[in-house]
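Chemist: The structure follows.
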Amino acid sequence: MQVPSYVEYERPATLREALTLLANGNGDARPLAGGHSLIPMMKLRLARPELLVDINGLTELAYLRQDGDHIAIGALTRHTELLHSALVYEHYPIFRDAELVIADPIVRNWGTVGGSLCQADPSVDLSAAFAAAKATVVITSQQGTRTVTARELHVGPYETVLGPGELLTEIRVPIRARTGSAYEKVERRVGDWSIVAVGAVLTLGTDGATVADVGIGLTAVGAAQFAAPEAEAYLAGKPATAEHFAQAAAVAAEHVNPVSDQRGPADYKRHLVVELTARALHAAARRARGEA
């Protein structure tokens, strides 16, 4: 029988105390929030922290509110709070779309938005959704704060730009007029990891017909930083038509790197990128026009 690794446990009462513990951990300390990803990885010896810093008591990081021209989401916001937020749904229905296909109610009731992003699982849904929304994240340490884009946060599978002693504390999503969004996912069974999933956030110009800005996020297909910048560049400034959506979807499929595995062959996944990207763009455009 394999004996679990020894690990110390601390439950700080304040953010300052948590940052001190993480900094003193010399890279061997990990924050513990929902734990749905970290604990299984520890069981499999894929993660071996020497110190767990339980941040669930930091209520100062549990909020969801409008802050000027953006929505501010505290890192300890639970999935279910993002799912049921009227504010978020008004501006970004993509997050309700995504949350409805993430795991199950038990996981959503305890898992956190910040933890999902920091796990950087190559098949995670919220990383694609926030990449599509062109969100930014706030990273805090004892030295202060710094801000990076949600795309820049991820540097590879299970890897982020977070350094020792740093903690993701907030996600910021810009509020834009004439904007619609949607998330499309294919999975083997309800609540499973994605076979392929695509999110789209589309802003129409003042004419209501031209793509003023677009974000496309992809997951489970090896897309760098969970995004499709080539497809975004193709579509920006063009009429929001089915023809252009189809071409953008084809461009997105050309620049992904899916692998064949138990969820399906690479060619099938690439085909799904085409289909789901077009669907997400159509749905986002309808919502931007107030049609859905």
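Since every read-out is calculated from the coordinates, none of them should be taken as a lab result. Quantities reported herein were computed from a predicted structural model and do not represent experimental measurements. Glycine also receives a Cβ, built like all others from the backbone with ideal geometry; neighbour counts cover every protein chain displayed.
Chemist: In Å and on Cα atoms, what radius of gyration and Dmax does the range 62-174 show?
Modeler: 13.1, 38
Chemist: Around V138, with a cut-off of 12 angstrom between Cβ atoms, what is the net charge of the other residues, counting Lys and Arg +1 and Asp and Glu -1?
Modeler: Counting the neighbours of V138, the net charge comes to -1.
Chemist: Related question: In percent, what relative contact order does the range 128-211 have, based on Cα pairs under 8 Å that are 6 or more apart in sequence?
Modeler: About 28 percent, as a whole number.
Chemist: Let me ask something else about it. Describe numerically, in nm with one decimal, the distance between label points set 7 Å from Cα along Cα→Cβ at Q143 and at R45.
Modeler: Each label point is offset 7 Å from its Cα along the Cβ direction, giving 3.5 nm.
Chemist: What whole-number volume per residue, in cubic angstrom, does the convex hull of the C-alpha atoms of the range 163-241 give?
Modeler: It comes to 150 Å³ per residue, whole-number rounded.
Chemist: Label points 7 Å out from Cα along the Cβ direction at T59 and K238: separation in nm?
Modeler: 5.1
Chemist: What percent does the relative contact order of the chain come to when contacts are Cα pairs within less than 8 Å and at least six residues apart?
Modeler: Computed over the chain, the figure is 16 percent.
Chemist: Can you give the convex hull volume of the alpha carbon atoms of the chain per residue, in Å³?
Modeler: 127
Chemist: When the chain is fully extended, how far beyond the present Cα-Cα distance does H84 get from N24, taking 0.36 nm per residue of separation?
Modeler: Roughly 17.9 nm would be gained on extension.
Chemist: Considering only Cα-Cα distances, which of the following residue pairs are longer than 21 Å: K185/K269; K134/K185; K238/K269?
Modeler: Violating the 21 Å Cα-Cα cut-off are K238/K269.
Chemist: Per the Kirkwood formula on distinct C-alpha pairs, the Rh of the range 8-53 is how many angstrom?
Modeler: 10.9
Chemist: I've got another one for you. Loop only per DSSP, at most 12 neighbouring Cβ atoms within 10 Å: give me the trypsin sites (Lys or Arg not before Pro) in the range 101-191, ordered by residue number.
Modeler: Answer by residue number: R188, R189.
Chemist: Could you check the spin-label model distance between H70 and A246? Points 7 Å from the Cα along Cα→Cβ, value in nm.
Modeler: Reported label-point gap for H70 and A246 is 3.8 nm.
Chemist: Taking the Cβ of K269 as the center, what net charge do the other residues with Cβ under 12 Å away carry, scoring Lys and Arg +1 and Asp and Glu -1?
Modeler: -1
Chemist: If you don't mind, there's one more thing I want to ask. Tell me, what are the semi-axes, in whole angstrom and largest first, of the equivalent ellipsoid of the range 86-145 as set by the roots of 5 times the Cα gyration tensor eigenvalues?
Modeler: Those come to 21, 15, 12 Å.
Chemist: Could you tell me the distance between the Cα centroids of the range 205-267 and the range 95-155, to the nearest Å?
Modeler: A separation of 20 Å, based on Cα centres.
Chemist: Assuming 0.36 nm per residue, please report the length gained on full extension of the stretch R96 to S5 beyond their Cα-Cα distance.
Modeler: That pair, R96 and S5, stretches by 29.0 nm at full extension.
Chemist: Could you pull out every residue, at least 5 positions away or on a different chain, whose amide H is within less than 5 Å of the one on I195? Hs are placed 1.01 Å off N in the peptide plane, and Pro or chain starts have none.
Modeler: Correct list: V186, E187, R188.
Chemist: Separate question: Give the long-range amide H neighbours of D121: residues separated by 5 or more places, or on another chain, with amide H under 5 Å away, using H modelled in the peptide plane at 1.01 Å from N.
Modeler: Distant-sequence amide H within range of D121: Y158.
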